[in-house]
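The values are calculated or read from the model by the stated rules, or taken from the named source; none is laboratory data. Note that this is a predicted model, so its numbers are computed, not measured. Here the Cβ is made from the backbone with ideal geometry for all residues, glycine too, and neighbour counts use every protein chain on show. Just the protein is used for accessible areas: all its heavy atoms, side chains included, with ligands, DNA and RNA removed. Shrake-Rupley method; radii C 1.70, N 1.55, O 1.52, S 1.80 Å.
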Amino acid sequence: QPASTPPLDEMWATWRTVTQAADQFLDTLTSEKLQTHMEWEGELLQESIGTLLLRNLYHYWFHTGEAHAIRQMLGHRDLPQFVGDMSQALYQPNPD
């Protein structure tokens, strides 16, 4: 499909629907559940739910970093740095 610009009110409604569903899932997470693994096509994923959540957050931050790179090219100063290698940032629950 060619690129398009959907109506803003439609995108806000979609954003609210998606974030509401995500919030409902996130509210169910416990330290124990974050250490479990999701299944895909009959196989357990290698990374735990906690690590996948961190990966998703860092991926989001990466794209924020791309936007900051543009800001830097436009002359903005004191922008944050990229997060780094995820392989050493595995989810580890706090011991209670």
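Computed values, structure above
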item	result
Restricting the range 1-57 to residues that are hydroxyl-bearing (S, T, Y) and assigned to a loop (DSSP other than H, G, I, E, B), the residue that is nearest to the chain's Cα centre (by Cα)	S48
The range 50-72 residues that are within 30 Å of E32 (Cα to Cα) and of a type outside the set (S, T, Y), paired with ones that are in a helix (DSSP H, G or I) and open to solvent by less than 50 Å² (accessible area, probe 1.4 Å) (beta carbon under 6 Å, 6 or more apart)	G50/L34; R55/M86
Residue that is open to solvent by less than 90 Å² (accessible area, probe 1.4 Å) and either modelled with pLDDT of 90 or more or of a type in the set (D, E) (or both), where the choices are S48, S4	S48
